[in-house]
Amino acid sequence: LEKGQKYSRRPRDKLLGGLLTEEFDEESCLSRYHSSFYRKPSPHKPSQYLLSKLRSYEMLHKRCGPGTKAYKEATKILGHHDSMSRSVGECKYIVWLAVYGLGNRILTLSSLFLYALLTGRIILLDQRTDINSLFCEPFPGTSWLLPLDFPLTDQLDSFNKNGSHCYGTMLKNHTIKWTTRDNNIPSYLCLYLIHDYEDHDKMFFCERDQNLIRQVPWLVFNANLYFIPSLWLIPSYQTELNKLFPQRDTVFHHLGRYLFHPTNKVWGMITRSYNTYLSRADETLGIQVRVLTKPAGYFQHVMNQILACTKGEKLLPEVAATESKVTNTSTRPKLISVLVTSLYPEYSENLRTMYWEGPSSTGDMVQVYQPSQEMYQQTDKRLHDQKALAEIYLLSLTDKLVTSNSSTFGYVSQGLGGLRPWILYKPKNQKNPCVKAISMEPCFLRAPIYGCQAKTVKITRFVRPCEDRLTGLKLR
Ligand code: GDP
């Protein structure tokens, strides 16, 4: 069977409940309309309001995007140093910079896209890295790539923690105030939302600062966080967010499936793996092993934790001591395919060896597959990133998922797949090896919990602490 044996016989929902438009040519990006051959239909339907908002966003992007007169006008005001904003009509922009690993990038992009929806902006991507070889264009008849001759291109790399155009730094240096008005609104502003950001940078999440930021034509984000939970704590966005996402724990699930369509090259890697190793299985289990300690690599205690979790939660059968201990009652043993992703080969090798050396106690057959062993992170090497994306996507196609704590790589898979994973705790932190996540939403790992949002965090019905990070916030 060519196309995902499991789901090909069902009626297909190729537009994912209306998230996608039919405007695209199918061949140029096969993953866009073929994902429903491989993925279980999602039980979560996007709201009509979200769908209409996406369609009007697409039109706005066409009017304001690269190559339009509006874009040209808007970039003109950036030409000279410290130029202040003039009216730019209806077009305002968000520029996304590619920083940190792929999981970080995907989550940041989704956060910025939602922020763009909320504030009537369009989003453009710094394309100096390999983003274009990973994802297809999500918006029809236009491009989400920032043209290479964008006037600020040479400055983009200076938009870091102490960058003089970054909002936090400007607040600290008193070169901007939240009360700044009209003639003093800058034409662009950098927002630094990286995990080591400080109190001044976090003012981005305050209502009164949003009133100023909203007026700036160009916002450049140097960010690596999934900050959507904290947008819910900004009062002026709450009503709109509730309308867009009546079911709060589906935000990334919908936005992710709307935005991220692997290119044909990556899609080939995904479908070849899927058809060879996953499509015939009765059950599939994904295990994402991310080792965040230094040094990283293979550790017996992590292996033990994985085994304790899959055994304790009955995700995999145990290995019987002898053939006579096999207690299979069913006539047809199941084939269970385990997809392991890790930078290191040993975790899957040990698992595979275990089920070869001894029989599974249920008589079921366990097959273990790991697509790549890259050994170390090589972000911005094209093929490495393509493999990472293929693996994130493959994990999202499994029936059940085990992920590693605090890993955005895992968050993206669970969100795309609509899966509540079992999260492996930080080793030695807990009595239990893993915990089943309350929801499929990613965690905002460094949420502001003091300052202007402190009061709201305590009383809100919108967010809760993350399972894997008590100081992190996730939508509930
Ligand atoms: P996080 O650091 O776990 O939050 O995830 P990121 O995706 O942001 O960064 C980790 C990067 O390391 C990935 O993007 C990959 O480049 C690489 N990496 C980590 N784990 C894996 C894996 O299991 N498979 C592959 N192919 N790459 C991985």
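The values are calculated or read from the model by the stated rules, or taken from the named source; none is laboratory data. What you are looking at is a predicted structure, and each value in this text was computed from that prediction instead of being measured. Note that we place each Cβ from the backbone using ideal geometry, even for glycine, and neighbour counts take in every protein chain shown.
Quick notes on this one:
- Per the listing Tyr274, Tyr344, Tyr298, the residue uniquely over 16 Å from Cys434 (Cβ atoms), more than 15 Å from the ligand (Cβ to nearest atom) and either in a loop (DSSP other than H, G, I, E, B) or under 25 Å from the mean Cα position of the chain (by Cα) (or both) is Tyr274.
- Residue match in the range 442-456 (condition: out of contact with any strand residue (DSSP E or B) (no Cβ under 8 Å at 6 or more places or on another chain), closer than 24 Å to Thr263 by Cβ and within 16 Å of the ligand (Cβ to nearest atom)): no
- No other residue among Thr284, Thr239 is out of contact with any Lys or Arg (no Cβ under 9 Å at 6 or more places or on another chain), within 30 Å of Gly17 (Cα to Cα) and either hydroxyl-bearing (Ser, Thr, Tyr) or not assigned by TED's automatic domain parsing to the domain that holds Asp182 (or both) apart from Thr239.
- Residues in the range 393-406 that are near the ligand (Cβ under 9 Å from one of its atoms) and buried (at least 24 other Cβ atoms within 10 Å of the Cβ): Leu395, Ser404.
- Members of the range 168-197 that are farther than 12 Å from Val216 by Cβ and surrounded by 12 or more Cβ atoms within 10 Å (Cβ to Cβ): Gly168, Thr169, Leu171, Lys172, Thr175, Lys177, Trp178, Tyr192, Leu193, Ile194, Tyr197
- Subset of the range 451-476 that is among the small types (Gly, Ala, Ser) and in contact with a helix residue (DSSP H, G or I) (Cβ under 9 Å, 6 or more places away or on another chain) - its residue that is surrounded by the fewest Cβ atoms within 10 Å (Cβ to Cβ): Gly451
- So Cys166, is it under 29 Å from His261 (Cα atoms) and among the hydrophobic types (A, V, I, L, M, F, W, C): no
- Counting only strands (runs of 3 or more DSSP E) that sit completely within the range 358-473, those holding 3 or more residues that are in the same structural domain as Tyr274 (by TED's automatic domain parsing) and farther than 24 Å from Asp196 by Cβ correspond to 365-369, 400-404, 434-436.
A quick yes/no check of all residues on (1) exposed (fewer than 15 other Cβ atoms within 10 Å of the Cβ); (2) in contact with a His (Cβ under 8 Å, 6 or more places away or on another chain); (3) at pLDDT 95 or above:
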site: Tyr38; (1), (2), (3): no, no, yes
site: Leu51; (1), (2), (3): no, no, yes
site: Ser56; (1), (2), (3): yes, no, yes
site: Pro66; (1), (2), (3): no, no, yes
site: Lys69; (1), (2), (3): yes, no, yes
site: Leu78; (1), (2), (3): no, no, no
site: His81; (1), (2), (3): yes, no, no
site: Ile94; (1), (2), (3): no, no, yes
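- Pairs linking a residue in the range 308-323 that is outside any helix (DSSP H, G or I) to a residue that is basic (Lys, Arg) and modelled with pLDDT of 95 or more, with Cβ atoms under 7 Å and 6 or more positions apart or on different chains, are Leu315/Lys400; Glu318/Lys311.
- The range 94-137: number of residues that are assigned to a helix (DSSP H, G or I), under 27 Å from Pro235 (Cα atoms) and within 15 Å of the ligand (Cβ to nearest atom): 8
- Residue match in the range 281-296 (condition: closer than 22 Å to Lys387 by Cα and hydroxyl-bearing (Ser, Thr, Tyr)): yes
- Within the range 368-392, the set of residues being away from the ligand (no atom under 11 Å from the Cβ) and under 29 Å from Gln127 (Cβ atoms) comprises Arg382 only.
- Yes/no for Leu219 being in contact with a Ser or Thr (Cβ under 8 Å, 6 or more places away or on another chain) and either crowded, with 23+ Cβ neighbours inside 10 Å or closer than 30 Å to Glu26 by Cα (or both): no
- In the condition set (1) surrounded by fewer than 22 Cβ atoms within 10 Å (Cβ to Cβ); (2) over 18 Å from Trp96 (Cα atoms); (3) under 25 Å from the mean Cα position of the chain (by Cα); (4) aliphatic (A, V, I, L, M), Ile213 is compliant with all but (2).
- Hits in the range 233-253 (condition: among the aromatic types (Phe, Trp, Tyr) and crowded, with 22+ Cβ neighbours inside 10 Å): Phe245, Phe252
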